[in-house]
Amino acid sequence: MNLNRRQLIQTGAAFAATSATPLLWAADSLKIGYVSPQTGPLAPFGEADKWVIEQMKTAFKDGLTVGGKKMAVQIILKDSQSNPNRAGEVANDLILKEKVALMLTAGTPETANPVSDACELNEVPCISSVVPWQPWFFGRKGDPAKGFQWTYHMFWGLEDVIANFTNAWKSVATNKKVGGLFPNDGDGNAWGDKELGFPKPLSSMGFTLTDPGRFQNGTQDFSAQIAAFKRDNCELVTGVVIPPDAKTFLTQARQQGYRPKVITLGKALLFPAAIEALGDLGDGLSTEVWWSPAHPFVSSLTRQRAQDLAAAYEASTRKQWTQPIGFAHALFEVAADALRRAKSAAAKDVRDAVAGTYVKTVVGAVKWGGPGPFKNVSRTPLVLGQWVKGTKNKFDLQIVNNETFPIIPVTAKLRLI
């Protein structure tokens with residue numbers, strides 16, 4: 001077998017990895033890079049990644065056949081530390097030092113955008129997720145007429161989250177006055193954008209939005225926002241904040257006598273640990289649901305149903321299931337599907353296979369080139385959930401509105417806080 005220097009390096013590195021198998025003696029090695037926030041304020045987005053990667057080591061233990069050649073698979077996880085600069089640095093390490101054949105990334109624009117940019121610049125195929133498509137596409141200065149050549153995204157968009165939030169709000173009696181919490185970051189600037197975000201559609205539906213302006217993540221005092229919401233009698237609160245900021249806002253709102261009827265926040269309220277940390281303040285809070293055990297989808301890789309995957313995570317980790325499990329798993333489903341269809345492990349061949357993807361995953365169907373808004377975007381389903389006091393768990397996330405995707409069953413009705 002004739003190996004060039006790069007292949008020798010890759011094979012030797014893979015042999016040293018924990019996923020090493022006897023297959024490596026007779027096969028080339030293929031590296032998949034994965035960048036997500038393992039530490040820092042965005043760490044809940046990456047909490048399940050190591051568990052999913054262990055699962056993938058089993059799924060890939062016999063390697064993958066790429067272009068007719070059996071190849072051992074090595075997965076290299078890097079921590080973005082919840083920092084965009086660090087995300088770009090580790091992405092460059094994976095590209096330039098590790099020579100990954102394919103990059104995967106997830107966990108807000110602060111991770112996925114710089115990783116995607118590094119891949120676009122270095123002509124390495126990349127699949128990203130867990131960022132609404134607008135801050136991923138427009139936040140990277142994407143041109144709708146051209147799109148991107150090397151980077152592909154799978155997630156829902158602001159149009160989906162706006163539809164879910166407002167559908168739920170219309171199902172209960174309020175004065176339709178909404179207080180908005182939009183920080184000065186990729187998500188906050190997109191959600192609060194007058195054209196792309198919440199303001200325009202809320203106005204067209206008869207909602208009145210109070211937006212006190214952008215604030216920095218990690219803000220310790222929300223008195224100005226609370227005062228504005230009390231002044232305008234906002235019975236609804238929405239926005240997209242990190243978990244520590246949600247706790248600060250909710251605690252100070254209660255202390256200052258502000259009690260809205262509905263609080264529906266993106267990002268901060270996704271995770272069981274964040275809700276538990278709020279104590280009684282967590283009861284009745286609502287948020288978007290991108291994946292849950294109730295989703296009627298099956299993994300193309302392991303044949304697990306969504307509920308099986310969640311149950312396996314809980315049994316193994318002794319932790320409550322969390323939404324990013326599904327998308328971390330699905331990224332590898334898409335990666336495996338594309339690599340198996342690729343003509344070779346060369347970057348262009350892998351990129352072309354990614355672009356031609358149509359696969360049914362544990363988060364729903366993923367297809368680029370349509371019917372998504374742009375060739376690089378595949379939209380996935382979204383519904384709305386509400387946290388309620390549980391029996392086995394302190395809080396359970398119930399699906400309370402499914403108008404945008406009725407195949408995902410409703411498990412409760414939205415109630416006022």
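The values are calculated or read from the model by the stated rules, or taken from the named source; none is laboratory data. If you're wondering where the values come from, they're calculated on a predicted model, not measured in any experiment. No Cβ is skipped: glycine too gets one built from the backbone with ideal geometry, and neighbour counts run over all protein chains shown.
What number of residues within segment 190-220 are outside any loop (DSSP other than H, G, I, E, B) and either surrounded by 19 or more Cβ atoms within 10 Å (Cβ to Cβ) or not polar (S, T, N, Q) (or both)?
So the answer is 7.
Got a sec? Which strands (runs of 3 or more DSSP E) wholly within segment 47-139 have at least 3 residues that are modelled with pLDDT of 95 or more and hydrophobic (A, V, I, L, M, F, W, C)?
69-79, 102-106
For segment 294-311, name all the residues that are touching a residue at least 60 places away in the same chain (Cβ under 8 Å) and surrounded by fewer than 24 Cβ atoms within 10 Å (Cβ to Cβ).
Across segment 294-311, the qualifying residues are ALA294, PRO296, PHE297, VAL298, SER299, SER300, LEU301, THR302.
Being touching a strand residue (DSSP E or B) at 6+ places or on another chain (Cβ under 8 Å) and charged (D, E, K, R) is the filter here, so list the residues in segment 274-288 that pass it.
GLU276, ASP283, GLU288
Please state which one of LYS194, LYS176, LYS200 is of a type outside the set (A, V, I, L, M, F, W, C) and touching a residue at least 24 places away in the same chain (Cβ under 8 Å).
LYS176
Please indicate, with yes or no, whether at least one residue in segment 229-248 is farther than 20 Å from PRO109 by Cα, among the charged types (D, E, K, R) and touching a Leu at 6+ places or on another chain (Cβ under 7 Å).
yes
It is to be established whether one or more residues within segment 390-405 are in a loop (DSSP other than H, G, I, E, B), of a type in the set (Asp, Glu) and either closer than 25 Å to GLU333 by Cα or at pLDDT 95 or above (or both).
yes
Find the residue count for segment 77-126, including only residues that are within 19 Å of PRO324 (Cβ to Cβ) and out of contact with any Ser or Thr (no Cβ under 9 Å at 6 or more places or on another chain).
The qualifying residues number 1.
Kindly indicate the residue of segment 371-389 that is touching a Gly at 6+ places or on another chain (Cβ under 6 Å) and part of a strand (DSSP E or B) and also surrounded by the most Cβ atoms within 10 Å (Cβ to Cβ) among those meeting that condition.
My answer is SER378.
Just to be sure before I move on: is ALA345 surrounded by 17 or more Cβ atoms within 10 Å (Cβ to Cβ), among the hydrophobic types (A, V, I, L, M, F, W, C), free of Cβ contacts under 8 Å to residues at least 24 places away in the same chain and closer than 24 Å to VAL73 by Cα in the structure I sent?
So ALA345 does not fit the description; no.
Give segment 228-269 a look and list any residue that's surrounded by 19 or more Cβ atoms within 10 Å (Cβ to Cβ) and part of a loop (DSSP other than H, G, I, E, B), or say none.
CYS234, GLU235, ILE242, TYR258, PRO260, ALA268, LEU269
Quick check on this structure: which one of TRP321, TRP291, TRP368 is aromatic (Phe, Trp, Tyr), touching an Asp or Glu at 6+ places or on another chain (Cβ under 7 Å) and buried (at least 16 other Cβ atoms within 10 Å of the Cβ)?
TRP321
If we keep just the residues of segment 147-165 that are in a loop (DSSP other than H, G, I, E, B) and of a type in the set (A, V, I, L, M, F, W, C), which is farthest from ASP349 (Cα to Cα)?
TRP156
Against the condition within 27 Å of LYS247 (Cα to Cα), acidic (Asp, Glu), assigned to a helix (DSSP H, G or I) and out of contact with any Pro (no Cβ under 7 Å at 6 or more places or on another chain), how does ASP308 come out, does it pass?
no
Any residue in segment 117-135 that is within 23 Å of PRO183 (Cα to Cα), in the same structural domain as TYR34 (by TED's automatic domain parsing), surrounded by 20 or more Cβ atoms within 10 Å (Cβ to Cβ) and of a type in the set (Gly, Ala, Ser)?
Yes, segment 117-135 has at least one match.
Can you spot a residue in segment 274-283 that is within 17 Å of the chain's Cα centre (by Cα), touching a residue at least 24 places away in the same chain (Cβ under 8 Å), under 28 Å from ILE417 (Cα atoms) and part of a helix (DSSP H, G or I)?
yes
What are the pairs, 6+ residues apart or on separate chains, where a residue within segment 110-127 that is closer than 22 Å to ALA336 by Cβ has its Cβ under 7 Å from a residue that is among the basic types (Lys, Arg)?
Cβ pairs passing all conditions: SER116/ARG140; PRO125/ARG351.
Out of ALA224, ALA168, which single residue is outside any loop (DSSP other than H, G, I, E, B) and either of a type in the set (S, T, N, Q) or surrounded by fewer than 21 Cβ atoms within 10 Å (Cβ to Cβ) (or both)?
On inspection, the qualifying residue turns out to be ALA224.
Looking only at segment 269-311, count every residue that is small (Gly, Ala, Ser) and out of contact with any Leu (no Cβ under 9 Å at 6 or more places or on another chain) and tell me the total.
Residues that pass the stated criteria total 9.
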